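> Have a look at this one before I ask anything.
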Protein chains: 2
Amino acid sequence: MSRITQGKRVSKGNTSVVASLRKLISEGRYPPGDRIAELHVAEHLGVSRTPVRLAFRTLEQEGLLQRAGKRGYRVREFTETDVLCALEVRGVLEGLAARRLAEQGLTEEVEVHLAQCIEDGRELLAKGYLDKDDVTRWSEINETFHTTIVESTGSLVIADAIGRNNHLPFASADSIIIDTDALDREYRKLYFAQMQHQTVFQALRLGESARAEMLMREHAYIGMRYGELLDLDPNGASTG
Amino acid sequence: MSRITQGKRVSKGNTSVVASLRKLISEGRYPPGDRIAELHVAEHLGVSRTPVRLAFRTLEQEGLLQRAGKRGYRVREFTETDVLCALEVRGVLEGLAARRLAEQGLTEEVEVHLAQCIEDGRELLAKGYLDKDDVTRWSEINETFHTTIVESTGSLVIADAIGRNNHLPFASADSIIIDTDALDREYRKLYFAQMQHQTVFQALRLGESARAEMLMREHAYIGMRYGELLDLDPNGASTG
DNA sequence: TTTGTCGTTATTGGATCCAAAGTTAAGTTC
DNA sequence: GAACTTAACTTTGGATCCAATAACGACAAA
């Protein structure tokens, strides 16, 4: 291979390599348990080994990769228990953030921001059903709500801790929803989530720190496990 | 510089670079807030830039370093709030581990292991005062107790989460104790910690999961803040 | 004196090279 | 035919090289 191509910055930066690798892994290429070789990834992504090695360190720290003995890495396997634990971890950490926030009191800015999230959620769900794009829209609102709480606690330590635990494969639940039945079901799920947001917001405003923690913890934990719940219709019996 | 020395494996591996850097930072060389340059560290440690760059990624992920703008890293500054938050994070995570462990029940092996920690602690404190080496010995016992609980939960996710948050500068409290007064004080602190261990152990054995969580959370949190407490003498008034 | 522009320097990111250690496989001996 | 030895291959870790860019400073113009 000629050396002329050496400095081409067309290739993605290191952060992109991390993102690409994360995606490749979550997509099932590089399946869990398999060894993963620097050179292979490098060729696959069209970069040299160096950025891949850097990415490996990051992903190891994140927990997505783990050392295979003394030599190389392999993709980490996650059991069902692992996923539940990860949910609980997120639950307690976001609960902690909520408690601190309730204790220190909401600033004007944060309160407005959260109120906007609540209002946006209400609007989205007001019409009683979901269109396809609404799911994405909700994701944004939800993300904003959580991020705002987590990053308003006066210390980034908690936010970092949550960020470092956000790698687990439970974000992949964003499957594409087509049929009306699934959209109906999704509507009720989001309705529940919205109500939880509102209770959390209320507790935050009132400075009810213990309640805020408890509610947030449960909300963060249950979010991905809604499917296991018994499911009623919030708008009366429209599903017969 | 000649190229002959290139492959000398005498130099420490990457993991050692991470450890060395962590130490250098916690010792105050590379003070918080300062920019930290790859080349400088590399020369300081007598290695090339490559392992330093890898270490930087690891330490960034750990939170000890953070990107300075778009270019380079700087040593992260920790406020008092940050440290308190980190303690709380550890508290909720270890509390979570304790709850899960209580729920799933102790295996014979784990129970024996924990009982040994309790017994070792009792022995160490039985004579009513501390010798200098006893502090180190307690650290080992304490570490074993916590590690056992955290790593016995059936999933390494929680253990990882805790490990990833173990970087903050509150481990540096292991200052050298010389005078008798400080040893006395330390004794009472360890006495309190030992009692907390025993309550946690009791809750774990009895399967009292909520209690186990609460106790462990408080224990992990208060550990480093004992100095702020009012302090009585557990053995009667020997300090007058 | 201040500000804007241009050139230099410092430092990072990516690519490649070399050595060491592990891994596989072939070949030889009992 | 099984087991041990050894040689070739694979893959990783560290060092060095090159390109690009941000930081810095000098110089000129307003």
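> Provide the FRET efficiency to the nearest 0.05 for the B:Arg71-A:Ala37 pair, computing r from the beta carbons and using R0 = 51 Å.
Working: r = 31 Å, r/R0 = 0.60.
Given R0 = 51 Å and the Cβ-Cβ separation, E is 0.95.
> Okay, moving on. Once ligands and nucleic acids are excluded and a 1.4 Å probe is used, how much of A:Ser16 is accessible, expressed in Å² to the nearest 10?
For A:Ser16, solvent-accessible area is about 40 Å².
> Excluding A:Gly95 itself, calculate the net charge of residues whose Cβ lies under 15 Å from the Cβ of A:Gly95, where each Lys or Arg counts +1 and each Asp or Glu counts -1.
-1
> With the label 7 angstrom out along Cα to Cβ, how close does B:Ile222 come to the same site in each of the other copies, in nm, nearest first?
In nanometres, ordered from closest: 3.2.
> Around B:Arg35, under 10 Å between beta carbons, what's the net of Lys plus Arg minus Asp minus Glu among the other residues? Could the numbers behind the result be given before it?
Values: positive: B:Arg71, B:Arg74; negative: B:Asp34.
Spelling it out: positives minus negatives among the neighbours equals +1.
> State log₁₀ I(q)/I(0) for the protein assembly as shown at q = 0.12 Å⁻¹ as given by the Debye formula over alpha-carbon point scatterers of equal weight, solvent excluded.
Computed log10 I(q)/I(0) values: -1.26.
> Identify which of B:Ala19, B:Ala159, B:Ala55 has the largest mean-square fluctuation in a Gaussian network model of chain B, with springs joining Cα atoms closer than 10 Å.
Evaluated over chain B, the most mobile residue of the options is B:Ala19.
> Let me ask another. Go ahead and run the numbers for FRET between B:Glu109 and A:Thr79, Cβ-Cβ distance against an R0 of 22 Å, rounding to 0.05. Can you show the working numbers first?
Values: r = 20 Å, r/R0 = 0.92.
Once rounded, the FRET efficiency stands at 0.60.
> Given the options B:Lys132, B:Lys70, B:Lys189, state which has the largest fluctuation in a GNM of chain B using a 10 Å cut-off (strictly under) for Cα springs.
In this elastic network of chain B, the residue with the biggest mean-square fluctuation among B:Lys132, B:Lys70, B:Lys189 is B:Lys70.
> Which one of A:His44, B:Val17, B:Leu84 is farthest out on the positive end of the charge dipole of the protein assembly as shown, using unit charges on Cβ (Lys, Arg +1; Asp, Glu -1) and the Cα centre as origin?
A:His44
> Could you tell me how far the Cα centroid of region B:143-167 sits from the Cα centroid of region A:10-79, in Å?
Distance between centres, Cα-based: 24 Å.
> How high is the relative contact order of chain A, given as a whole-number percent (alpha carbon pairs under 8 Å, six or more residues apart)?
Computed over chain A, the figure is 25 percent.
> How much length is gained on full extension from A:His44 to A:Leu206, taking 0.36 nm per residue of separation minus their Cα-Cα distance?
Values: separation 162, 0.36 × 162 = 58.32 nm, distance 5.33 nm.
Full-extension gain reported as 53.0 nm.
> With charges set only on the Cβ (+1 for Lys and Arg, -1 for Asp and Glu), what does the dipole of chain A come to about its Cα centre, in debye to the nearest 20?
1760 debye
> Quick one: which of A:Lys70/B:Lys23; A:Lys23/A:Lys132; A:Lys23/B:Lys70; B:Lys23/B:Lys132; B:Lys23/B:Lys127; A:Lys23/A:Lys127 span more than 31 angstrom between C-alpha atoms?
Check vs 31 Å cut-off fails for B:Lys23/B:Lys127; A:Lys23/A:Lys127.
> Okay, next question. From the P(r) of chain A, can you give the percent of Cα pairs sitting at distances over 34 Å?
Values: 8552 of 28680 pairs.
Value for chain A: 30 percent of Cα pairs lie more than 34 Å apart.
> Where does chain B land at 222 nm, in deg cm²/dmol rounded to the nearest 500, when only DSSP H runs of n ≥ 4 count, each adding -39500 (n - 2.57), divided by all residues?
It comes out at -20500 deg cm²/dmol, rounded to the nearest 500.
> Once you've got the GNM for chain B with C-alpha springs shorter than 10 Å, pick whichever of B:His44, B:His219, B:His146 has the biggest mean-square fluctuation.
B:His44
> If you don't mind, another one. Find the sum over both chains of the accessible area lost when B and A are paired, probe 1.4 Å, and report it in Å² to the nearest 100.
Using a 1.4 Å probe, the pair buries roughly 3200 Å².
> Let me ask something additional. How are the alpha carbon pair distances in region A:14-75 distributed across 10 Å bins from zero to the largest one, expressed in percent?
In whole percents, the pair-distance histogram is 24, 65, 11.
> Right, something else. Report, in debye and to the nearest 20, how large the dipole of the protein assembly as shown comes out about its Cα centre when Lys and Arg carry +1 and Asp and Glu carry -1 on their Cβ.
3000 debye
The values are calculated or read from the model by the stated rules, or taken from the named source; none is laboratory data. These figures come from a predicted structure and were not determined experimentally. Counting neighbours? That spans all protein chains shown, and the Cβs are built from the backbone with ideal geometry, glycine included. When the accessible area is computed, the model is the full protein with side chains, heavy atoms only, and any ligands, DNA or RNA have been set aside. Shrake-Rupley method; radii C 1.70, N 1.55, O 1.52, S 1.80 Å.
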